[in-house]
Amino acid sequence: MIKEGAHTYIDGRTPVVPYTGKYAVKTPDVFDRIRDRWAQVGLAEAPYRPLRVEFEITTKCNDSCPSCGMGALSLQAGRSLSDRQLEHLIEEFADVGLPCVAITGGEPFVAMRALLRFMSRARSAGVEINKLTTNGIWGSKRRCGPTFDQLIKAGLLDNQLFVPLLMVSIGEQTTRLEDVARIIHHTVTEFTERDLNIAISSLADPSDREHKIYPLMRLYEETYGDFPHDRVHSTMRVYLDNERLENQAPIHRPGQTPVSKWMDTCYDCFAPTVGSYVLPTALLKADGNLYACAAFNVPEKLGFGNLFRERLRDIIARTNRSSYVATVRAGGGLKALHDVIPRTETEKMTCGSFCGSCSLLIDTFEQRTGETGPGGPALPFVSADALWSRLSAAGGRRD
């Protein structure tokens, strides 16, 4: 399979080769085109601007993975974004010239009507669907082909900048591997790498690191023949602690890595990048809270506002007032913080992930510099209906 890490293109540093990498682009001048979009909306000089927003279209999920990174809820307890909220998001994304979005959940395909509606409306607004994450619930013999047809009708293949990506997640999920194999087979036989990419995100318990990707490949070859290694992108991770998940199953991650080591190997999360990643990517939770990083366990202090309470361009401006973000961005990753926090200290600090180190470093950075804002816990969620009620009371209009 095509391992994550190949074909990375960073704006201003390396030439872009179209149709390569997990997040492939369709044109070598993609960064020029994106900068033109930002210039048209008045954000040409903003140091930090998201290339992509990864957002939860629903918190509902048909599954109940104990270590779910997104904290998905049951079909009964979860909620999907309303039509009005989706329209609001499209308007806000277009207002800042956002090139693309990644749709996640929950499980997006349990909110099929909302998913297709958003895709169709986003296409009209010039916001591309760069990635669609799923557990493959729709990969049955009865649903697979018709679902692909619906996605195409909604505009999945109409992108001008990015080759869309289907990301199928396997691990604790109970989706049958034969259904995941069917999605892979349909993708590689019905579409070329210029039309649609597919990736398998394989998550394992850190205590044993057993990945389902291997039985998936064996099953595929028993059913369809040779596994399409040249078309399937691989992301292999382990489950992580997530401070937003109150009932998460205990994560037993062996070993304690010095924070200094995480800092030295952390990728440049705020440099405009495509290929293996699309960076910088912001994370939008279904409650409207927006974070400047899209990792599953992103530190709460990287939350800079609520998109259902204020404009996206105002949240971007607030992010650009963060001394922590500015330092990390200017220094090319967490290694920039060595100039603020002595290595003798970070070598004694230990944790189990890049995000864990980031969380520890933010607190220490604030202590060292006295800079305590404007990040921190994101603003509380206020529903769209409540906002419209306030507008109506003040004489405003919904449309």
>> Any residue at all in the stretch 62-69 that's farther than 29 Å from residue 97 by Cα, at pLDDT below 95 and under 18 Å from the mean Cα position of the chain (by Cα)?
In response: yes
> Applying the selection to the stretch 198-238, what residues are closer than 26 Å to residue 277 by Cβ, open to solvent by 70 Å² or more (accessible area, probe 1.4 Å) and free of Cβ contacts under 8 Å to residues at least 24 places away in the same chain?
Replying inline: 210, 214
> If a residue has to be farther than 19 Å from residue 24 by Cβ, free of Cβ contacts under 8 Å to residues at least 60 places away in the same chain and open to solvent by less than 20 Å² (accessible area, probe 1.4 Å) to count, how many in the stretch 170-197 make the cut?
Replying inline: 4
> Restricting the search to the stretch 73-118, which residues are part of a loop (DSSP other than H, G, I, E, B), within 21 Å of residue 157 (Cβ to Cβ) and touching a Phe, Trp or Tyr at 6+ places or on another chain (Cβ under 9 Å)?
Replying inline: 99
> Can you pull out the residues in the stretch 94-127 that are of a type outside the set (A, V, I, L, M, F, W, C), surrounded by 20 or more Cβ atoms within 10 Å (Cβ to Cβ) and modelled with pLDDT of 95 or more?
Replying inline: 97, 99, 104, 107, 108
>> Which of the strands (runs of 3 or more DSSP E) found entirely inside the stretch 200-314 contain at least 1 residues meeting this: at pLDDT 90 or above and within 15 Å of the chain's Cα centre (by Cα)?
In response: 281-284, 289-291, 303-306
>> Just the residues that are part of a helix (DSSP H, G or I), over 19 Å from the mean Cα position of the chain (by Cα) and not charged (D, E, K, R), please, taken from the stretch 1-45.
In response: 30, 31, 38, 39, 40
>> Is it the case, given these coordinates, that residue 48 is in contact (Cβ under 8 Å) with a residue 60 or more places away in the chain, open to solvent by less than 20 Å² (accessible area, probe 1.4 Å) and not in a strand (DSSP E or B)?
In response: yes
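The values are calculated or read from the model by the stated rules, or taken from the named source; none is laboratory data. None of the values given here were measured: they were computed from a predicted structure. As a convention, Cβ positions derive from the backbone with ideal geometry for all residues, glycine included, and neighbour counts pool all protein chains shown. Accessible surface is based on the protein model in full, side chains and every heavy atom, while ligands, DNA and RNA are left aside. Shrake-Rupley method; radii C 1.70, N 1.55, O 1.52, S 1.80 Å.
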